[in-house]
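Each remark here refers to the structure printed beneath this line.
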Amino acid sequence: METDVIILGAGAAGMMCALQAGQRGRRVVVLDHARKLAEKIRISGGGRCNFTHLHAGPDNFISDNPHFCRSALARYTPQDFVGLMHKHGLGYHEKAPGQLFCDEGSGAIIEMLKAECDQAGVQFVMPCEIVSVRHQDGFQVMTAQGSFEAPALVVATGGLSIPKIGASPLGYKIAEQFGLPMVKPKPGLVPLSVAPEPWAPYAELAGIALNATVRCGKREFRGDLLFTHRGLSGPAILQISSYWSHGERLHIDMLPGIDVLALLQAQSGSQKQLANWLTQWWPKHLAEIWCAQQGGSRPLNQYNDKQRSEIAAGLHDWQILPSGTLGYAKAEVTCGGVDTRALSSKTMSCNAFPGLYFIGEVLDVTGQLGGYNFQWAWASGYAAGMSV
Ligand SMILES: Cc1cc2nc3c(=O)[nH]c(=O)nc-3n(C[C@H](O)[C@H](O)[C@H](O)COP(=O)(O)OP(=O)(O)OC[C@H]3O[C@@H](n4cnc5c(N)ncnc54)[C@H](O)[C@@H]3O)c2cc1C
């Protein structure tokens, strides 16, 4: 079958690209091996899809080529997507500052994108197994459903996260086939594990959450931290996980914004147990385990100045050495991917093969937690859709 544009992947980026290209009069075919459209949109944001972040900017993205995302983000903004939602009568709410969720649920966003694609005459062929890609004058995609030919090929097959709903390395393989450089992929926005022995005392705290500041190198995030049987999770940990590398320690402020030393000094005449004192901020179980691990709990009047300083330092800088992540099965995104230095930041097309485009998560552009990853999918999809 001959067409103008073949898009591999009917996810967030692929659908945005398809509707833009279709509305420009291009004949578009989207191929996907999944049965259902955009499964990641469906499961995102707890079923409500955190579809954008109002303040998305280049600083919210991780990439070896940090300025690459700038142009696309400026040309398709969060307000543009909100405008699309308005057009379709969809409502949204702001949960945390800037984070927008769909009132009608994530399925409504998929239906909206599909409606826009249908109106633009986009054709979906799925489930469709991709067998190979060839490049001669144009691009030829061999599939279990026959062969498709077009002068433009857009790779929107996403990263490696959550293989059970369709993630695959197809995009990376195509990049390799065309000799494009890669930034080594790794799981991002992912819970971290700690070796069983050092973690054993804390494992029984699984399910307990507290507000903390987590730092790794120069990056720091404040948010909820969740104890799990195998290590740590929660938004603050997911955020820092994308910046963490093996062998690096996390520095956790367990009582951010509280001057623990001054408060301990003010309590130097008190007979209250340290563990009891900590329960003004923490669940009892956490306070007990914490104190047991730091040499036990005594009445506050039994600590000298040096010991009070040590307690305060320990609470403001609890150091954890993660042993790893919970991997792609639990990761919300994949960091790394196709090296953007091989592409035009305006159009997402390859410098060496102008008809070949990469968009969305398959690229080495990874957003922080909070709607940034979808904003990148929309913006990069739009950039390619306006060019193909
Ligand atoms: C649990 C979870 C929750 C998330 N929540 C949010 C959120 O609230 N906000 C946010 O901004 N981001 C969120 N994300 C991240 C976001 O979903 C992704 O960054 C985004 O979907 C990437 O879009 P994409 O189009 O590049 O890839 P995808 O949406 O992953 O689409 C890729 C498509 O390619 C298809 N494909 C893959 N391999 C092949 C192959 N070999 N042959 C044919 N087709 C193939 C897949 O089936 C899929 O349809 C979440 C991710 C997860 C896993």
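The single condition among (1) in the same structural domain as ILE62 (by TED's automatic domain parsing); (2) more than 15 Å from the ligand (Cβ to nearest atom); (3) in contact with a strand residue (DSSP E or B) (Cβ under 7 Å, 6 or more places away or on another chain) that GLN136 does not meet is (3).
The set of residues in region 364-376 that are touching a helix residue (DSSP H, G or I) at 6+ places or on another chain (Cβ under 6 Å) and open to solvent by 10 Å² or more (accessible area, probe 1.4 Å) comprises GLN368, LEU369, TYR372, PHE374. If you check THR213 against the conditions, is it under 24 Å from HIS316 (Cβ atoms), polar (S, T, N, Q) and surrounded by fewer than 21 Cβ atoms within 10 Å (Cβ to Cβ)? For THR213, the condition - under 24 Å from HIS316 (Cβ atoms), polar (S, T, N, Q) and surrounded by fewer than 21 Cβ atoms within 10 Å (Cβ to Cβ) - is met.
Rundown of residues vs (1) polar (S, T, N, Q); (2) over 13 Å from the mean Cα position of the chain (by Cα); (3) within 11 Å of the ligand (Cβ to nearest atom), yes/no style:
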{"residue": "TYR328", "(1), (2), (3)": "no, no, yes"}
{"residue": "ALA331", "(1), (2), (3)": "no, no, yes"}
{"residue": "THR334", "(1), (2), (3)": "yes, no, yes"}
{"residue": "SER344", "(1), (2), (3)": "yes, yes, no"}
{"residue": "GLY367", "(1), (2), (3)": "no, no, yes"}
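Residue by residue, here is whether (1) on the phi < 0 side of the Ramachandran plot; (2) of a type in the set (Val, Ile, Thr); (3) free of Cβ contacts under 8 Å to residues at least 12 places away in the same chain holds:
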{"position": "ALA236", "(1), (2), (3)": "yes, no, no"}
{"position": "ILE240", "(1), (2), (3)": "yes, yes, no"}
{"position": "ALA266", "(1), (2), (3)": "yes, no, yes"}
{"position": "GLN271", "(1), (2), (3)": "yes, no, no"}
{"position": "ALA275", "(1), (2), (3)": "yes, no, no"}
{"position": "TRP282", "(1), (2), (3)": "yes, no, no"}
{"position": "HIS285", "(1), (2), (3)": "yes, no, no"}
{"position": "ILE289", "(1), (2), (3)": "yes, yes, no"}
{"position": "ALA292", "(1), (2), (3)": "yes, no, no"}
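From the set of residues in region 171-185 that are farther than 27 Å from HIS246 by Cβ and part of a helix (DSSP H, G or I), which is least open to solvent (accessible area, probe 1.4 Å)? In this case the residue turns out to be ILE174. Restricting attention to region 175-206 and to residues that are free of Cβ contacts under 8 Å to residues at least 40 places away in the same chain and small (Gly, Ala, Ser), the residue that is nearest to the ligand (Cβ to nearest atom) turns out to be ALA206.
Would you check if there is a residue in region 50-62 being farther than 14 Å from CYS117 by Cα, in contact with a His (Cβ under 8 Å, 6 or more places away or on another chain) and at pLDDT 95 or above? Yes; the residues of region 50-62 include at least one that is farther than 14 Å from CYS117 by Cα, in contact with a His (Cβ under 8 Å, 6 or more places away or on another chain) and at pLDDT 95 or above. Taken as a whole, region 151-174 holds at least one residue that is modelled with pLDDT of 95 or more, more than 16 Å from the ligand (Cβ to nearest atom) and either more than 19 Å from VAL28 (Cα to Cα) or in the same structural domain as VAL338 (by TED's automatic domain parsing) (or both).
Within region 194-221, the set of residues being assigned to a loop (DSSP other than H, G, I, E, B) and over 21 Å from THR279 (Cβ atoms) comprises VAL194, ALA195, GLY217, LYS218. Within region 2-19, the residues that satisfy the criterion of being in a loop (DSSP other than H, G, I, E, B) and within 9 Å of the ligand (Cβ to nearest atom) are GLY9, ALA10, GLY11.
The values are calculated or read from the model by the stated rules, or taken from the named source; none is laboratory data. Remember, predicted model here, so these are calculated numbers, not experimental data. Neighbour counts are summed over all protein chains in view; Cβ atoms, including those assigned to glycine, are modelled from backbone coordinates with ideal geometry. These accessible areas exclude ligands, DNA and RNA; they are computed on the full protein's heavy atoms, side chains included. Shrake-Rupley method; radii C 1.70, N 1.55, O 1.52, S 1.80 Å.
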